[in-house]
1. Mind checking which aspartates and glutamates have their C-alpha under 20 Å from LYS180, skipping anything on the same chain fewer than 8 residues away?
2. Tell me which residues come under 5 Å, amide H to amide H, from LEU141 once H is placed; ignore anything under 5 positions away on its chain.
3. On the principal axes of its Cα set, how long, how wide and how thick is the chain? Give whole Å, largest value first.
4. Could you list which residues have their amide H under 5 Å from that of LEU224, counting only those 5 or more apart in sequence or on another chain, with H placed in the peptide plane?
5. With charges set only on the Cβ (+1 for Lys and Arg, -1 for Asp and Glu), what does the dipole of segment 185-259 come to about its Cα centre, in debye to the nearest 20?
6. Pairs LYS39/LYS123; LYS102/LYS130; LYS48/LYS102: which exceed 23 Å Cα-Cα?
7. For segment 35-41, in order, what is each residue's ³J(HN,Hα) by Karplus, 6.51 cos²θ - 1.76 cosθ + 1.60 with θ = phi - 60°, in whole Hz (x at glycine and Pro)?
8. Near the amide H of ILE114, under 5 Å away, which other amide H atoms are found, from residues 5 or more places off or on another chain, if H is placed in the peptide plane?
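The values are calculated or read from the model by the stated rules, or taken from the named source; none is laboratory data. Please read these numbers as outputs of a predicted model, since none were measured by experiment. Note that each Cβ is placed from the backbone with ideal geometry, even for glycine, and that neighbours are counted across all protein chains shown. Surface areas here come from the heavy atoms of the whole protein model, side chains and all, with no ligands, DNA or RNA. Shrake-Rupley method; radii C 1.70, N 1.55, O 1.52, S 1.80 Å.
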Amino acid sequence: MLSKRSQPAQKTVSAPPEQAGPRHVAIIMDGNGRWAQKKGKIRTFGHKAGVESVRSVVRFARQTGIQSLTLFAFSSENWKRPEEEVSVLMELFNLVLNSEVKRLHKNDVRLKVIGDVSAFDDKLKAKIRKAEEMTANNSALVLNIAANYGGRWDIAHAAQTLAKQVQDNLLAPEQIDEDKLGQYISTAELPELDLLIRTGGERRISNFLLWQCAYAELYFTDVLWPDFTEQVFQVAVDDYNVRQRRFGLTGEQVSVSQR
Ligand code: IPE
Ligand code: IPE
Ligand code: MG
């Protein structure tokens, strides 16, 4: 048995007082290329079709009271794809920002982009900044677009910020703990990630929200992203709603605390 002294310190991840629906949902929007290829079309046709699914999930999140929706749009590894595909994806990002931001604003949605945006061209960077500023005070839903995002980058970036504070004598190394590092992770202002959905059939995280996944519920579906609808989203949320999240406790402890 562990002596009292050797027991680990209380972790910061804790169970919400009662299980409502998920407050923060993230989606790995995968399967666009295969969807297009199944139809005898080129891969980028699938990326274009996937935009409609993005509209439906935003609508669904907005209507069902999900507070934050984080969508994986482009990973730090996706630069390695054929140049033509990367350039269509960048173009699409530009077009979607042009066509959707006003509507998001009208619907009280706050848009944020997480990831290393420094890699994008100046035009795209300016557009992102403008969209973020315009929607900054909206509060019905936070829509996070992960672009040039990597979970390892996110953690390394937070570590670098803290290292600078140590160097400037603003922080002692001993003050760096999970809470402190967590404050500099890109989703720090949002509720803890409750549910991660991946479409397209693969069962992996692909360097998405590594830190945030510590206690997220995972849901995998074979549905390819362009076929993802509000109904499929509802099935994922229903599945989440009947799970018991234990956060290290026993099932009995959780049932008692929820009574
Ligand atoms: C996800 O779909 C979209 C991005 C990665 C940008 P994919 O393009 O990965 O589609 P599949 O997995 O090849 O079918
Ligand atoms: C993850 O999908 C990235 C996005 C959905 C944006 P990938 O298709 O890039 O993932 P892997 O390469 O199959 O793991
Ligand atoms: Mg893929």
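1. Here the aspartates and glutamates satisfying the reach criterion relative to LYS180 are ASP154, ASP168, GLU189, GLU192.
2. Residues meeting the amide H criterion: ARG110.
3. Over the chain, Cα extents along the principal axes are 63, 48, 35 Å.
4. Counting only residues 5 or more places away or on other chains, the set is GLY200.
5. The dipole of segment 185-259 has a size of about 300 debye.
6. Check vs 23 Å cut-off fails for LYS39/LYS123.
7. Working through the residues one at a time gives 4, 5, 4, 4, 9, x, 10 Hz.
8. ILE145, ALA146, ALA147
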